[in-house]
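Let me begin by presenting the structure, written as structure tokens, before commenting on it.
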Amino acid sequence: MPTGRKIEARLSIEDTDLFVNIVGKDETNLKLLEKHFNCKTIARGTELIIRGEEEQVDPVHAILLDILDVAKNRGWVDSEEISSAINVLVAEHDSSMAEILYDSIPVPLKRRIIRPKTPGQKRYIRAIKENTLTFCIGPAGTGKTYLAMAMAVCALARGDVNRLVLVRPALEAGEKLGFLPGDLAEKISPFLRPLYDALNDMMGFDRIQRAVERGSIEMLPLAYMRGRTLNDAFIIMDEAQNSTAEQMKMFLTRLGFNSKSVVTGDITQVDLPSGKPSGLIVVQSFLKKIDGVSFVYLGEEDVVRHWLVQKIVAAYEEWETNKRRKAEAPQTSD
């Protein structure tokens, strides 16, 4: 029960840019806090003052401390991100402001906030933030590529890295690069199109073109990674289940200083020729215990496409499980 006890809390924020972001344009964020928590907030110089009943002032003070803590840890926080997080916090009473901010991915080039929609996606985002190399294995529709791309675009926009390198094995249903008509760009275009689509959703066509021309974004087939050392880069390999063990080793050893890499794939959809082990399957047996390396597994519960996709994934998993059990069952003779 409310005590009716009036109190005041103060918070000093010396970083002017951070202060402006927390307050929001025309003090939008403070007004949101006042609306949801029925208290009075005052921005004075570099100080925030919260007045009201203890039951309202304490949570607002805790929210502001969380924002400061996140900003200190990652070096920044966006005004619109705070605004969006306040609304989420009010709807999700079991979350904290720090958790919501830590799990969100601001995409400033499109003025959007991308958030994980499942617990598995939350683990995935946190793994990328906390590790140098993250493997994400799961079925179609779980956001493996999209969330990795959002993290990459965010890192590029913030200046954490100087370039994005987006890679895919040039292998689809048995076809090889040389069978396709046209020059190199025309040959690799079909394989890189899914990466381009995700990137276009977050940057727009014109920005992508300029970034490619400047060399701050590269999209290339896996075979063209040999001999490279990538410093200050965010590197994504998509459809990694179609890399051989040798190609995977080659890719992983391209990682340079101040770089981060995400490897995504679905090990149930390997298109490699029979007898060629998938590099994504092989590395699971010996890389898991290395510091700075994380493996995240997503399942049918993480599918965020059309509801039918989730049911299709579940049906395929059941079919493959039954097929494996039959193959492993002891054979009896009449």
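The values are calculated or read from the model by the stated rules, or taken from the named source; none is laboratory data. Every value quoted in this text rests on a predicted model; they were computed, and no experiment measured them. For neighbour counting, all protein chains shown are included, and Cβ atoms are generated from backbone atoms with ideal geometry for every residue, glycine included. For the accessible areas, the whole protein counts, side chains as well, though only heavy atoms, and no ligand, DNA or RNA atoms are used. Shrake-Rupley method; radii C 1.70, N 1.55, O 1.52, S 1.80 Å.
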Just need a number here: residues in the stretch 28-84 that are hydrophobic (A, V, I, L, M, F, W, C), open to solvent by 50 Å² or more (accessible area, probe 1.4 Å) and under 22 Å from the mean Cα position of the chain (by Cα).
-> 1
Can you run down the residue pairs with Cβ atoms below 7 Å, 6 or more apart or on separate chains, where the first is in the stretch 5-24 and among the small types (G, A, S) and the partner is open to solvent by 20 Å² or more (accessible area, probe 1.4 Å) and in a loop (DSSP other than H, G, I, E, B)?
-> S12/T46
Among the candidates V161, V153, which residue alone is among the β-branched types (V, I, T), out of contact with any Gly (no Cβ under 7 Å at 6 or more places or on another chain), at pLDDT 90 or above and in a loop (DSSP other than H, G, I, E, B)?
-> V161
Could you say whether any residue in the stretch 99-109 is in contact with a Pro (Cβ under 6 Å, 6 or more places away or on another chain), within 30 Å of G204 (Cα to Cα) and assigned to a loop (DSSP other than H, G, I, E, B)?
-> no
Within the stretch 116-157, the residues that are surrounded by fewer than 19 Cβ atoms within 10 Å (Cβ to Cβ), within 16 Å of E99 (Cβ to Cβ) and either within 12 Å of the chain's Cα centre (by Cα) or of a type in the set (V, I, T) (or both) are K117, T118, K122, R123, R126, A127, K129, E130
Here are some residues: E27, E81, E55. Which one is touching a residue at least 12 places away in the same chain (Cβ under 8 Å), at positive phi and assigned to a helix (DSSP H, G or I)?
-> E27
Identify, please: which residue in the stretch 234-251 is over 19 Å from Y124 (Cβ atoms) and touching a residue at least 60 places away in the same chain (Cβ under 8 Å) and is, among those, farthest from the chain's Cα centre (by Cα)?
-> Q247
Among V293, V313, V304, the single one that is more than 22 Å from I128 (Cα to Cα) and either buried (at least 16 other Cβ atoms within 10 Å of the Cβ) or within 24 Å of the chain's Cα centre (by Cα) (or both) is V313
Sole residue being more than 25 Å from L199 (Cα to Cα) and in contact with a helix residue (DSSP H, G or I) (Cβ under 6 Å, 6 or more places away or on another chain), chosen from V270, V282 | V282
